[in-house]
Structure formats: structure tokens, C-alpha cells
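The values are calculated or read from the model by the stated rules, or taken from the named source; none is laboratory data. Values in this document were obtained by computation on a predicted structure and should not be read as measured data. All Cβ positions, even for glycine, are placed from backbone atoms using ideal geometry, and neighbour counts span all protein chains on display. Quick note on the areas: whole protein, heavy atoms, side chains included, nothing else; ligands and nucleic acids left out. Shrake-Rupley method; radii C 1.70, N 1.55, O 1.52, S 1.80 Å.
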Amino acid sequence: MANWETVVVNTDLLICGGGFSACGAATEAAYWAKKKGLKVTLVDKAALDRSGAVAMGLSAINQYVGIKDGENTPEDYIRYVRSDLMGISREDLVYNIARHVDSTVHLFEKWGLKIWKDEQGKYVHEGRWQLMINGESYKIIIAEAAKNAIAAAGGEIIERVFIVEPLMDGNKCVGAVGFSTRENKFYVFKAKAVIVGMGGAVHVFRPRSVGEGFGRSWYPPFNSGSSAYFTIKAGAEMTCQEVRFIPVRFKDAYGPVGAWFLLFKSRAVSATGGDYMAVRKAELENWKPYGLVKPIPANLRNYLGMLDTEQGLGPLYMETDEAIQNIAAHYKDDPKAFKKKMKELESEAWEDFLDMTISQAILWAAQNVKPEEKHSEIAACEPYFIGSHSGASGAWVSGPEDLPTPYKWGYTNMTTVEALFAVGDGSGASSHKFSSGSHAEGRIAGKSAIKYIVEKGKEPKVDMAEVEKLKAKILLPLDLWEKHSKETTDPEVNTNYIVPRQFLHRLQKIMDEYAGGVISGFKTSKALCERGLELMALLKEDSAKMAARDHHELMRVWENNQRVYQAEAHIRSILFREETRWPGYYFRADKPKMDDANWKCFVNCQMDPKTGQWKMMKRDIWTMPGV
């Protein structure tokens, strides 16, 4: 076995991850831990300043309720999420986040985030729930607050360590193991409670950007399903694993469209000029009541555009030039004011990308696109697993103590595994958290986890013999490379192992062709899912034969393993749910209609960590009283 040092870290609370939800958990948990003399340790695969989904920055905060100004209520937000997820949402969790998220946004502003304000000093809204920000340093500001909180409480932040497996004592999580991506060190974390906030999953499906563009995606390419893998391997019940998210974005560079739709009031049209949202309005009747609400659910907006492309009416375009001209037209009688407004709008158009998707600005420049003069192509991206946005996949967690929810068995945001909490993309069925809501949920779970430790926390019992077995398994890819790589003239072609990139391509091919990826027009069926699971079983057999030549490839090996478990949970959940509820995200071609009578419910799943056997189940929908 590779001769790596074993580093043991003892802590009270272990926070796995470094994005917004993990930073929220760290900020809040450290405050309460300091009062109780407890230690908080945060472990990040990357560097805290620029890790997570907001690493590049963001041009808007997408969840702000506006309670203090009487703009909306948490109940309003429940109605919005319920409709957008076609009736499938954990309303207790959505409510809990919505009632706390404004205070989180106010903290962001206090910490130094620039939120746009109008002449009256009120926040500038992009849409009903969205606030415009100067967000190129958004993550740095939030990370600094987490760092300060942990330092003040005497805690510890460990960067560049990749968490792989949970440590278990029966049905209790007592820590985690992982390895340094820079040094020959294997880490063992022993903890009284663990919070999982390691993001969603990208590159489970074959991306649109391949070849030299491989790695370009809308959601961060380094998010590999760590949260899902960790909770699945711990034996936690999972929910909404079928509800992936497919965003429509500016084609090839994945630039955001939110500002164009909400702030600039732009239209999206087919190549023949038809506004598919208007032309295909009658189709929405087939998906009522959700197809008749405002705003129209994101998946249905996608679906109407997909119908155009299926009928040969593509490409689809965002009418950026029309939108800018319409806004500037209010100043047409004053040439000087008109010119100034045009310049201002042009600047905002480019800044939207420079804040969060610089590659889109580069692509526009490379293709000689001037948004005020020419429209831009948009397209549906490949599927992502992102429970904090418009997807819903994640762990099934306990609801708030003060609400009459039936989903309550432990401390708030605790999974069905004792002492294991999930937040952000790690917790399911509570969509539309975005950055601010994920941070708020992290704060909720951070406080809850400290409460659990104070009331029930015991010294973790860790079997070091099992740890040694995990160490051998995790480092095996290095041994395979060392033993066999010189047996062939090309070390990437070898009968004794496969390299991570080869394995990833196989996974993506299975998912693309059988689970409703881009190549199949996001369509699948019972027969396709069953064949996909057959091929997935063979792929899982070969996972033990992945080899790694260095730290980076060892990380890639285990990212692949994590993606496989997310992929399998997804296929099994699509197969179990015998209806099409989210056209535009995926379409069961053999079950093309929504079936509220039988399937207005949560689809949950659970894997037995010892046998690898999966159990599928339905869970009832609970509606918030009076909402």
C-alpha cells in the first residue's frame, strides 16, 4: 500500500464542504460552540475563498423574501416553490429557510457585499425574489466571515483535503476519512456530529462541451456528488433523486439568462422568430394546475422550447438587442439621455457575465456579438444534480421542531442517520435556496448540530481496524498504477486498470443514452432505465480497477465513484416513478403524462451500506396549513 501518513483529527463538530451552506454552518456553529467550549472543524476539498458553486462570483442574490418591508411572506415563497416543483416540495423546510433568509442577506451586506439600491435607498430587484449585487467577490466575503467565526471559537479549517467515506458506529455517523490533494497524508476525522455540505453533482451526464471544451459546464465541474455519496454510503434515506435540473443558458459558455428575462424583460424565440412561450401556450393546459401558474415552472418553460427544437425550429435565441432597445426607447426623445442609457445597458449586459461567467463574455467577444445589436443563441444544458437551485435531489432530513410537520424524527436538518446533518445541495426537496438560502440552511443546521452535541453528543467510537481497510481501498489506485503502468508502451492502455477519464466517459455514455441526456433529447423509458442499470452494474465492477498516477488522479478516481452512486440513485428513482412530472428536465416516453392520483408523492430511496441493496419507497406530501 502507498506509504502515506495517517493524520487523526479529533473534533466535536465536523463540517464537510466549503461552499455557502458549509460557510453558513461554520459561522453559526462557531458562535454557539464558543459558548459551550466545543471545537468546530471545517474540511474543504479546495480553498475556502473560491470553493463551491459561487466560486467565480454571482450577479444576483436569488432568494430574498423582503419580510420587513412587507413585500412578501414565507407563505408566499412556499406557494412559489410548490408550483415550480410541480407540487413536490418539503414545505416545512422551504418555510424554515424562507423565514430566516432575509437575516442572512442582511449579514452579507453588513460583511461588505454591495447590494444595488435605488434613489430611495431600497434594494434593486431583478425579479420578485432576486436582488442585484456586485458579486464578483461574493464568495470571498462569505468565506471571510466563516474563517473569522471559526478562529474566534478556537476551531480549525483544513483545506485541500478530499472527504471520501463516512465513519459509522451502527446507525450513527462518527466522522469521515479522506486524503490530502497535495501531500501524502490520509485523514481520519472523529466527531460527535457531522454536517454534509459538499455540493451537488456535475459530469454525471455527458456535457455539451466536449473535446477541448470538456470541463466547461454551468454548475461547477469540481462538484462530483460528494454529498449524495456520503449520505448514501452512511445509509441515509434520500429523496427526489429523479429531480435533476436542466437550465437553459447561453449556448456553449453557459452564461446566465436570469437577468435577461427578469431585469431586461427579454424574449426567447425560435429561429423563425416565434416566441415559444406564446406560440405553445396551449400545451401548458396539459400540465395544470402547475402549467397555469405565474411564473410558469422552469421545467415547463424548458419544455416549450424543446418542442420547438424537436420540430426543426431551432436554434433558439435570446432577443438581447430587442430588449435593450425597448428599455432605451423610453429616452428616445432625448438623444443625450438615450445614448447614456444605451451605454449603461450595454455595460450591465457585459457585467452580468463578468461577475459570474467570464467565459461567456469571452465567447461573445470571440464571435463578435454585441448584445445591443444582435441576438444570442441559447440552449438547454446537460442535466445537473443541485438541490439548492431548481432541482431537488438530496437527503431526507428532519423538519423544524416548532412546525406541525410529520417529517420530524430528530434535530432540524438531521438525516435518518443519527448525528449526520445535510445542507445546501446535500438536503433534498427544499429547492430554490440558491446562495442565500443555502447559507441560511447552513446556519440552521449549524445551530441544530451544536444543540445535538450538547444534549446527546458522546465521544465517537471509531474502529481503527476498519479505518485501515478504508485507507487501503482509497489508496489502491496508486498501487495499481505503480504495479502495472510500465507493462505497456502507452500507460493509459493497460489490461490491469483503467484511468479516471476513461471511466468517466463510460459513465457519461450510459447516462446520456439511457437516462435521458442531451443525445436522447432528455427522454427515457422503463426499458432504457433497466438496460442502464445493467451497464451500471458492470461499470461499478470496474470501479475497483481505476488507477491513479498522482494525487490529482486519485481525487478524480473517487470523484468518479461518487458520481456513480448519484447516477444509480437517479436511474432507480426515474424507473420507480411511473409518470412524467417534470417535462423539460426529463421525459418518460412510456409514461408521458402526469399522474397526480398515484404519484403526487415523494420518491425516496435508501441503500443498505453492507449489502448494496436498494429500497424504493413513497412518502406522502404534507401541505403547510393555510397555505
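The residue list LEU478, THR488, ALA537 was ranked by how far each Cα lies along the charge dipole of segment 467-567 toward its positive end, using unit charges on Cβ atoms, and ALA537 comes out on top. A full extension of the chain between LYS615 and ARG182 corresponds to an added length of 152.1 nm, given 0.36 nm per residue minus the alpha carbon distance. According to a simple spin-label model (label point 7 Å from Cα along Cα-to-Cβ), what is the distance in nm between LYS408 and GLU344? In this crude spin-label approximation the distance works out to 4.9 nm. When the helices of the chain are scored as -39500 (n - 2.57) per DSSP H run of n ≥ 4 and the total is divided over every residue, the value at 222 nm lands at -12000 deg cm²/dmol. Okay, which of segment 370-409 sit inside 19 Å, backbone N to the point 7 Å along the Cα-Cβ direction of ALA271? Counting backbone N atoms under 19 Å from the label point, the list is 374-381. Take the Cα of ARG216, step 7 Å toward its Cβ, do the same at ARG501, and the gap between the two points is 1.8 nm. A cut-off of 5 Å between modelled amide H atoms, ignoring neighbours fewer than 5 places along the same chain, links ARG206 with ASP512. Neighbours of THR73 by Cβ distance under 15 Å: Lys/Arg scored +1, Asp/Glu scored -1, total -1. Between the Cα long axis of helix 74-84 and the first principal axis of the chain there is an angle of about 90°, rounded to the nearest 10.
Across segment 450-461, in residue order, what do the Karplus-derived ³J(HN,Hα) couplings come to in whole Hz, using 6.51 cos²θ - 1.76 cosθ + 1.60 with θ = phi - 60° and x for Gly and Pro? The phi angles translate into 5, 4, 4, 4, 5, 8, 9, x, 10, 4, x, 9 Hz. Between helix 551-576 and the chain there is an angle of about 70 degrees, using the helix long axis and the longest principal axis of the Cα atoms. Only the Cβ atoms of Lys and Arg (+1) and of Asp and Glu (-1) were treated as charged; on that basis the dipole of segment 561-610 about its Cα centre amounts to roughly 100 debye. The residues of the chain expose, per residue, 39 Å² of accessible area to a 1.4 Å probe. Judged by the mean number of other Cβ atoms found within 10 Å, the most tightly packed of the peptides 373-379, 415-421, 99-105 leads the ranking 415-421, 99-105, 373-379. A simple charge model with +1 on the Cβ of Lys and Arg, -1 on the Cβ of Asp and Glu and nothing else charged puts the dipole of the chain at about 820 debye relative to its Cα centre. Principal-axis analysis of the Cα atoms of the chain puts helix 101-111 at an angle of about 90° to the longest axis. Carbon-plus-sulfur accessible fraction, segment 126-232 (probe radius 1.4 Å, protein heavy atoms only): 44%.
For segment 23-109, the share of accessible area belonging to carbon and sulfur comes to 53 percent (1.4 Å probe, ligands and nucleic acids excluded).
The distance separating the Cα centre of segment 220-235 from that of segment 582-596 comes to 26 Å.
If you take the charge dipole of the chain about its Cα centre, with +1 on Lys and Arg Cβ and -1 on Asp and Glu Cβ, which of PHE250, ALA392, GLY305 is farthest toward its positive end? Selected residue: ALA392. Assuming R0 = 35 Å, what is the FRET efficiency of GLU534 and ASP463, from their Cβ-Cβ distance, to the nearest 0.05? Computed FRET efficiency for GLU534 and ASP463: 0.50. Answer rounded, prolate or oblate for segment 179-251, using the Cα gyration tensor with square roots of eigenvalues a ≥ b ≥ c: rounded when a/c is under 1.5, else prolate when a/b is larger than b/c, else oblate. Cα axes put segment 179-251 in the oblate bin.
When the solvent-accessible area of segment 552-608 is split by element, carbon and sulfur atoms take up 45 percent of it, the probe being 1.4 Å. For segment 380-389, putting each phi into the Karplus relation 6.51 cos²θ - 1.76 cosθ + 1.60 with θ = phi - 60° gives couplings of 6, 7, 6, x, 10, 10, 8, x, 8, 9 Hz, in residue order, rounded to whole numbers and with x for Gly and Pro.
Order these peptides, 394-400, 23-29, by their mean beta-carbon neighbour count within 10 angstrom, highest first. Spell out each step's value before the answer.
Numbers: 394-400: 26.4, 23-29: 31.6.
Output ranking for 394-400, 23-29: 23-29, 394-400.
Counting 0.36 nm for each residue step from LYS68 to GLU5 and taking away their Cα separation leaves a gain of 17.4 nm. Each Lys or Arg adds one and each Asp or Glu takes one away; over the other residues whose Cβ falls under 11 Å from the Cβ of ARG572, this sums to -1. Think of each Lys and Arg Cβ as +1 and each Asp and Glu Cβ as -1; about the Cα centre, that makes the dipole of segment 524-627 roughly 180 debye. Summarising the amide proton neighbourhood of ILE157: residues at separation of 5 or more, or on other chains, whose placed amide H is nearer than 5 Å comprise LEU42.
Candidates MET132, HIS432, CYS381 compared by Cα position along the dipole of the chain: farthest toward the positive end lies HIS432, with charges placed on Cβ.
Residue-wise HN-Hα couplings along segment 394-411, as the Karplus relation 6.51 cos²θ - 1.76 cosθ + 1.60 with θ = phi - 60° gives them from phi, are x, 7, 7, 10, 6, x, x, 5, 8, 9, x, 7, x, 8, 8, 9, x, 7 Hz; Gly and Pro carry x. Give me the net charge of ALA365's neighbourhood, meaning all other residues with Cβ under 15 Å from the Cβ of ALA365; Lys, Arg count +1, Asp, Glu -1. Summing Lys/Arg as +1 and Asp/Glu as -1 gives -4. Label 7 Å along Cα→Cβ of GLU283; segment 218-249 residues with amide nitrogen under 15 Å? The answer is 248. Protection proxy ranking of 260-270, 218-228, by the mean of other Cβ atoms within 10 Å over each peptide's residues and highest first, is 218-228, 260-270.
How would you classify segment 406-554 from its alpha-carbon gyration tensor, with a ≥ b ≥ c the square roots of the eigenvalues: rounded for a/c under 1.5, else prolate if a/b is greater than b/c, otherwise oblate?
Note, shape of segment 406-554 comes out oblate.
Residues whose amide H lies under 5 Å from that of MET546, counting only those 5 or more places away or on a different chain, are ILE498; hydrogens are built 1.01 Å from N in the peptide plane.
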